[in-house]
1. So GLY115 passes all but one of these: (1) within 30 Å of ILE195 (Cα to Cα); (2) in contact with a helix residue (DSSP H, G or I) (Cβ under 6 Å, 6 or more places away or on another chain); (3) modelled with pLDDT of 95 or more. Which condition number does it fail?
2. Before we move on, is ILE207 within 30 Å of TYR250 (Cα to Cα) and hydrophobic (A, V, I, L, M, F, W, C)?
3. If a residue must be within 27 Å of LYS189 (Cα to Cα) and either of a type in the set (D, E, K, R) or out of contact with any helix residue (DSSP H, G or I) (no Cβ under 6 Å at 6 or more places or on another chain) (or both), how many such residues does the range 118-139 contain?
4. Answer yes or no: is there a residue in the range 169-186 that is of a type in the set (Asp, Glu), under 22 Å from ILE47 (Cβ atoms) and in contact with a His (Cβ under 7 Å, 6 or more places away or on another chain).
5. I need the full set of residues from the range 177-210 which are surrounded by 21 or more Cβ atoms within 10 Å (Cβ to Cβ) and of a type in the set (Val, Ile, Thr), in order please.
Amino acid sequence: MIAAGKAKEEIADMAIKVRRVSFSYDGKVEVLKDVSFRVGRGKFAAIMGPNGSGKSTLVKILIGLLKPTSGRVEVMGMDPSKDPMSVQRMVGYMPQRDSISKNLPVKVSEVVLLGRMSRKGPFSVKTPSDIREAKRALEYVGVPELFSRPFSALSGGQQQKVLLARALAVDPQILILDEPFSAMDVPSKDSIVDILNDLKEERGMTIVTVVHDVNPILHHLDLLMLLNHRLIAFGPPIEVLTSGNLLETYGAPVRTVTCESGYCHPILGDTHA
């Protein structure tokens, strides 16, 4: 009975549960094939794989933007395909920067506020509280001075930080990011890594991020997924990052460097599924 009770407690403590999920855009070619995994509350997880391997599709399923062809998903105990609005109120989502026009003719304040307003409904009016939270989110990511700047005038790294602030402005329980380090120089990457680690350690936030290069966050991760349409490996990074798993994921040998902590750091170029 104790073992059964502990198992139920562990299941209840899961922020994300994905069971045998498959997805196809056209009913013929499967983008995801029988993917299953769990992410506990307060854990930091990354999804890694070649371009076109289904990573972005998977995160869109997690937040209810896409419905799986088969299988079941639970986010904080709810099915995002049946109640996407309730799930999205608890999730801060940072899309790929390329999915948003770099020349968007709006101010940074409007970009950040859009995250809050989209959770409140189509006829909602922004309040002083919304503006305070938008400013607080920009301050948290270290760019409060950008509040009134045009979004299109920012550097790639600054735009990424604004999109992260937009995701945080909803005060989420779960943060889901799609390639948050793209178009960033090393200092900007380090800054984002520090922010994400602080969110996990100080706020207990559950974080799931898609990455091309896992190395900036490798030592902070609890869980790493290798994905190429199907799940190749999932678990602690030090166990997942083996030459065999990387070969199976990328279809070719991947050069690695092992650090003093025993982590295997993959050295990747531009890879496609």
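The values are calculated or read from the model by the stated rules, or taken from the named source; none is laboratory data. Source: prediction; values computed, not measured. For neighbour counting, all protein chains shown are included, and Cβ atoms are generated from backbone atoms with ideal geometry for every residue, glycine included.
1. So GLY115 meets the others, but not (3).
2. So ILE207 passes the test.
3. 6
4. Yes - at least one qualifying residue is present in the range 169-186.
5. Passing the criteria: ILE192, THR206, ILE207, VAL208, THR209, VAL210.
So that you can scan it fast, the table gives a plain yes or no per residue for (1) more than 23 Å from VAL210 (Cβ to Cβ); (2) out of contact with any Ser or Thr (no Cβ under 7 Å at 6 or more places or on another chain); (3) at pLDDT 90 or above:
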position: MET94; (1), (2), (3): no, yes, yes
position: GLU110; (1), (2), (3): yes, yes, yes
position: LYS120; (1), (2), (3): yes, yes, no
position: VAL125; (1), (2), (3): yes, yes, no
position: SER155; (1), (2), (3): no, yes, no
position: VAL162; (1), (2), (3): no, yes, yes
